[in-house]
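Here is the structure we will look at.
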Amino acid sequence: MFKHITHTTLYVTDQDEALDFYVGKLGLVVHTDADVDVMRFLTVALPDDDSLQIMLLLPGPPLHDEATAEQVRELIAKGGAGGGVIFETDDCVGTYERLRDLGVEFTQEPTKRFYGTDCALRDPFGNPLRFTERPAT
């Protein structure tokens, strides 16, 4: 049976801009950047844990014909092309302040909830992202 999830996909409209955001601002690292003939296979991961990679994928072949790719690009612009990602952090407020100072725009400031403190943002393509600090036990 399955052992673990290795990849999740976020659709983007510019992979270089995505790298600037995910690596340059969020602090992830490039895991794979390869030309596989029909597409650029680009993944990023946490610096100390590459067990889950985020694939930064352009809409288009081999997954989409041009009409479908255009629909996906329209959904990306509206923030509706995927499920997003939730990161865990040890310091939600500190991470929020560091990223805000780097120019990251948030859709929700850090808020205490029953499961911890979290906040929300969107990447430059509208993908929803959150990060959460678990409550002290």
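Summary of computed values
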{"quantity": "Selection within region 28-41 - hydrophobic (A, V, I, L, M, F, W, C), open to solvent by less than 60 Å² (accessible area, probe 1.4 Å) and farther than 25 Å from THR95 by Cα", "calculated": "ALA34, MET39, PHE41"}
{"quantity": "Residues (out of contact with any Gly (no Cβ under 7 Å at 6 or more places or on another chain) and closer than 23 Å to LEU10 by Cα) located in region 108-129", "calculated": "GLN108, GLU109, ASP118, CYS119, ALA120, LEU121, ASP123, PRO124, PHE125"}
{"quantity": "Residues of region 48-63 satisfying the condition of being loosely packed, with under 10 Cβ neighbours inside 10 Å and closer than 19 Å to HIS4 by Cβ", "calculated": "ASP48, ASP49, SER51"}
{"quantity": "LEU75 in contact with a Gly (Cβ under 9 Å, 6 or more places away or on another chain), at pLDDT 95 or above, open to solvent by 60 Å² or more (accessible area, probe 1.4 Å) and not charged (D, E, K, R)", "calculated": "no"}
{"quantity": "Scan of region 77-122 for residues that are among the aromatic types (Phe, Trp, Tyr), out of contact with any Lys or Arg (no Cβ under 8 Å at 6 or more places or on another chain) and over 23 Å from PRO47 (Cα atoms), ordered by number", "calculated": "PHE114"}
{"quantity": "All positions within region 13-40 that are modelled with pLDDT of 95 or more, among the hydrophobic types (A, V, I, L, M, F, W, C) and assigned to a loop (DSSP other than H, G, I, E, B)", "calculated": "LEU26, LEU28"}
{"quantity": "In region 20-34, the residues that are under 11 Å from ASP123 (Cα atoms) and among the hydrophobic types (A, V, I, L, M, F, W, C)", "calculated": "PHE21, LEU26"}
{"quantity": "Residue match in region 78-90 (condition: in contact with a Cys (Cβ under 8 Å, 6 or more places away or on another chain) and open to solvent by less than 70 Å² (accessible area, probe 1.4 Å))", "calculated": "no"}
{"quantity": "The listed residue being more than 22 Å from GLU133 (Cβ to Cβ), free of Cβ contacts under 8 Å to residues at least 24 places away in the same chain and touching a strand residue (DSSP E or B) at 6+ places or on another chain (Cβ under 9 Å), out of VAL36, VAL30, VAL12, VAL72", "calculated": "VAL30"}
{"quantity": "Criterion: more than 24 Å from ILE5 (Cβ to Cβ), open to solvent by less than 70 Å² (accessible area, probe 1.4 Å) and out of contact with any helix residue (DSSP H, G or I) (no Cβ under 8 Å at 6 or more places or on another chain) - qualifying residue of THR111, THR137", "calculated": "THR111"}
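The values are calculated or read from the model by the stated rules, or taken from the named source; none is laboratory data. A quick note: this is a predicted structure, and the numbers were derived from the prediction, not measured. Methodologically, a virtual Cβ is constructed for each residue, glycine included, from the backbone with ideal geometry; neighbour enumeration extends over all protein chains shown. For accessibility, only protein heavy atoms count, side chains too; no ligands or nucleic acids. Shrake-Rupley method; radii C 1.70, N 1.55, O 1.52, S 1.80 Å.
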